[in-house]
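All remarks here apply to the structure that follows.
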Amino acid sequence: MWKTIARRFLIMIPQLFVLSIFIFILAQFMPGDPFSGLITPQTDPNRIEELRELAGLNDPVYVQYWNWIVNMFQGDFGDSYTFKVSVASLIGDRGLNTLWLSLLSVFLVYLIAIPLGVIAGRYQNSLKDKTIVLYSFISYAIPTFVLGLIFVYVFGYKLQWFPTSGTKDVEEKAGTLGYYWSIIYHLLLPAITYAVLGTTAIIQYLRSEIIDAQLQDYVKTARSKGIPMKKVYSRHIFRNSLLPIAAFLGFTITGLLGGSFFIETIFGYPGMGKLFIDSIMARDYSVITTLIMLYGFLTLLGSLLSDIILSIVDPRIRIE
Amino acid sequence: MKTSEEVLANNLKSSNEILKINHLRTSFRIKDSYYDAVDDVSLSLKENEVLAIVGESGCGKSTLATSIVGLHNPLNTKVTGEILYNGSNIVKLKEDDLNKIRGNDIGFIFQDPLSALNPLMRIGDQIEESLFFHTKLDEQQRKKRVLELLDQVGIINPKRVARQFSHQLSGGMRQRVMIAIAIACKPKIMIADEPTTALDVTIQAQILDLLLDLQAETNAGIILITHDLGVVAEVADRVAVMYAGQIIEIASVQELFNNPKHPYTRSLLNSIPQVERESEKLEVIQGIVPTLTKLSKHGCRFSPRIPWIDESKHEKEPQLHEISPGHFVRCTCWKNFHFDGEKGGSHL
């Protein structure tokens, strides 16, 4: 198994290499450059040219690519033109914010979706089931920004239960209990918004898996052993129904760094989703390319992680 | 086929009935009406007896078997009649009381052991489950008993197999494991629903031998559901032939094979390929078993498949008639039955 995992990591190198070429070419195609947004009628065109020269934008394409790759291997992802800090520390800050938000969101998603999926599947076609399915369809259909705005307006502005922007209170001292509470407090509303809308897939998966598992022969066997129905569900049906969700867990884990542009924008939460879109708007090459490389790597890692998790929970699957 | 002395001895020592089914009717709801998959079946099972139930697919054999342990979904199934076991009527029992009987007094063996075993649970744990719910053994004793059971069903390396998963075993091993589950609590009755259908022929014989060996130890009564008449001839004491939800003939295995009466039984036996027979054509029974929704509730249900027999030869409401001790046949059409193309004549 370890051999396979090592091999999968090695295969990632050419995959990432191909990805890097694509990213570089696409970045070249983007109209404008980091300085075009700064041009005003008073700007000296020579100054811009000077800046371009300094940034290496006038070098031949292959030299630019080579420099980019070499620097990346040395852990230098360049500086952000907009934020005037190194890309590494920028992504570090934003990534951490997003990680906390995603962790809480995913936790809430599972907290809501698993019981609902289980109930819907177990009491198929009952009123409970129909209500849950209706909820999952409605939540799937509502755009994130609509519910986000409603929540900000109702819970943030009208009821004043939650803060409407930022990641923490500036008055709290770092390290104190109040400091950590204020971080969680700021996470709650965006996380709840995300969770309410993000449950559909898991509810529907779990529901159909349970309905399917109920009809399996091994459930009949379990019942013929005289096991009470409750135990048949807990010992045989639920566990087997969770497999597809476990199979997706790898992507969920690596997806924690993805962030959501809408949620972060509406709740004024500085995270990865917002950083990504903002960088594209600002032609902030170094940030964009680094982020896409990172997401590419995470996707590959997610698929490997999913395979490993599946091989742990399903004895029929062994990584050879 | 067992010799007549054996049968006689069997009958003598096991005259006590352990299961009695009276007028059992199992109906499934399809759209808004109920249709009888098992229609007024009465049967009894004695200790140490192998009762075979045969018939084509869709005749209600498996439904009958699962009705005995009440495994149907009560939302779309209606079961009426009596299944008397140990002084109580299983049909009327509550789920909790049924669970005391299932697995404990009645062991169930399913057709396809690959799908009947939980793929994510270790073999040992699956056997242990019945012990956990039916016995007072502590964990260590249960583990020990699991190994004993695996040994009893002829598994060479019980310790290893107990830790394995079903996909790691061969088909024959899996069915042995199923049998170990069924006999874990020493049931008085074993219901085997086509236990050898999914296995190849050499393994079939081993599994049947195993069932008979276990029966010799426990004196359990076995209900063997099968469509394989070869298996019936080998292991059964009595045979009930089912067609379209009804029993159409029931007799001891000798009587049934030597002196079959009902046209359906005769057609079934006639369709067994035989080496001596010159014709290269396989004998088949015309038509198919009627589906539940298209089943006529009146007249002889087999008559559409023997159209060359005149309608007047059938009873209007066919009943089971005892034509010799222990040999029952439904309808009177058998008296005038001949195979298509043969000359008509009385078989009296």
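Quick notes
- Residues in the stretch B:1-47 that are at pLDDT below 90 and part of a loop (DSSP other than H, G, I, E, B): B:Met1, B:Lys2, B:Thr3, B:Ser14, B:Ser15, B:Asn16, B:Lys31, B:Asp32.
- If only residues of the stretch B:191-205 that are of a type in the set (Val, Ile, Thr) and under 20 Å from A:Thr221 (Cβ atoms) are counted, the one that is surrounded by the most Cβ atoms within 10 Å (Cβ to Cβ) is B:Ile191.
- Qualifying positions in the stretch A:233-257 - part of a helix (DSSP H, G or I), more than 7 Å from chain B (Cβ to nearest Cβ) and under 28 Å from B:His72 (Cβ atoms): A:Tyr233, A:Ser234, A:Arg235, A:Ile237, A:Phe238, A:Ser241, A:Leu243
- The sole residue among A:Ser86, A:Ser80 that is in contact with a strand residue (DSSP E or B) (Cβ under 9 Å, 6 or more places away or on another chain) and free of Cβ contacts under 8 Å to residues at least 12 places away in the same chain is A:Ser86.
- Flag: A:Lys230 matches the condition of being surrounded by fewer than 17 Cβ atoms within 10 Å (Cβ to Cβ), assigned to a helix (DSSP H, G or I), charged (D, E, K, R) and within 14 Å of chain B (Cβ to nearest Cβ).
- Put simply, of B:Asn76, B:Asn99 the only residue that is more than 7 Å from chain A (Cβ to nearest Cβ), of a type outside the set (Phe, Trp, Tyr) and out of contact with any Leu (no Cβ under 8 Å at 6 or more places or on another chain) is B:Asn76.
- Cβ-Cβ contacts under 8 Å between residues 6 or more apart (or on different chains), taken from a first residue in the stretch B:154-180 that is free of Cβ contacts under 8 Å to residues at least 40 places away in the same chain to a second residue that is basic (Lys, Arg), are listed as B:Ile155/B:Arg176.
- The residue that is surrounded by the fewest Cβ atoms within 10 Å (Cβ to Cβ), among those in the stretch B:103-144 that are within 13 Å of chain A (Cβ to nearest Cβ) and of a type in the set (Asp, Glu), is B:Asp125.
- Residues that are assigned to a loop (DSSP other than H, G, I, E, B) and either over 20 Å from B:Leu51 (Cβ atoms) or away from chain A (no Cβ under 13 Å) (or both), drawn from the stretch B:171-194: B:Ala184, B:Cys185, B:Lys186, B:Lys188
- Subset of the stretch A:288-320 [acidic (Asp, Glu) and within 14 Å of chain B (Cβ to nearest Cβ)]: A:Asp314
- On inspection, A:Gly166 passes the criterion of being touching a residue at least 24 places away in the same chain (Cβ under 8 Å), more than 14 Å from chain B (Cβ to nearest Cβ) and farther than 20 Å from B:Pro119 by Cα.
- Any hit, the stretch A:176-193, residues being closer than 18 Å to A:Leu111 by Cα, surrounded by fewer than 18 Cβ atoms within 10 Å (Cβ to Cβ) and not charged (D, E, K, R): yes
- The condition of being among the β-branched types (Val, Ile, Thr) and within 20 Å of the chain's Cα centre (by Cα) holds for only one of B:Ile309, B:Ile272, that being B:Ile272.
- Residue count for the stretch B:151-176 under the criterion of being surrounded by fewer than 16 Cβ atoms within 10 Å (Cβ to Cβ), within 25 Å of the chain's Cα centre (by Cα) and among the charged types (D, E, K, R): the result is 0.
- Residue pairs meeting the criteria (Cβ under 8 Å; at least 6 apart or on separate chains; first acidic (Asp, Glu), in the stretch A:15-33; second assigned to a helix (DSSP H, G or I) and modelled with pLDDT under 85): A:Asp33/A:Arg52; A:Asp33/A:Tyr285
- Residues that are assigned to a helix (DSSP H, G or I), surrounded by fewer than 20 Cβ atoms within 10 Å (Cβ to Cβ), within 14 Å of chain B (Cβ to nearest Cβ) and not hydrophobic (A, V, I, L, M, F, W, C) within the stretch A:194-216 comprise A:Asp212, A:Gln214, listed in sequence order.
- Hey, B:Leu147 among the aliphatic types (A, V, I, L, M), out of contact with any Asp or Glu (no Cβ under 9 Å at 6 or more places or on another chain), more than 8 Å from every other protein chain (Cβ to nearest Cβ) and not in a helix (DSSP H, G or I) or not: no
- Taking the stretch B:200-281 as the region of interest, the strands (runs of 3 or more DSSP E) fully inside it that hold 1 or more residues being of a type in the set (S, T, N, Q) and in contact (Cβ under 8 Å) with a residue 12 or more places away in the chain are B:246-252.
The values are calculated or read from the model by the stated rules, or taken from the named source; none is laboratory data. All of these numbers come straight from a predicted model, not from anything done at the bench. Every residue, glycine among them, receives a Cβ derived from its backbone with ideal geometry; neighbour counts consider all protein chains shown.
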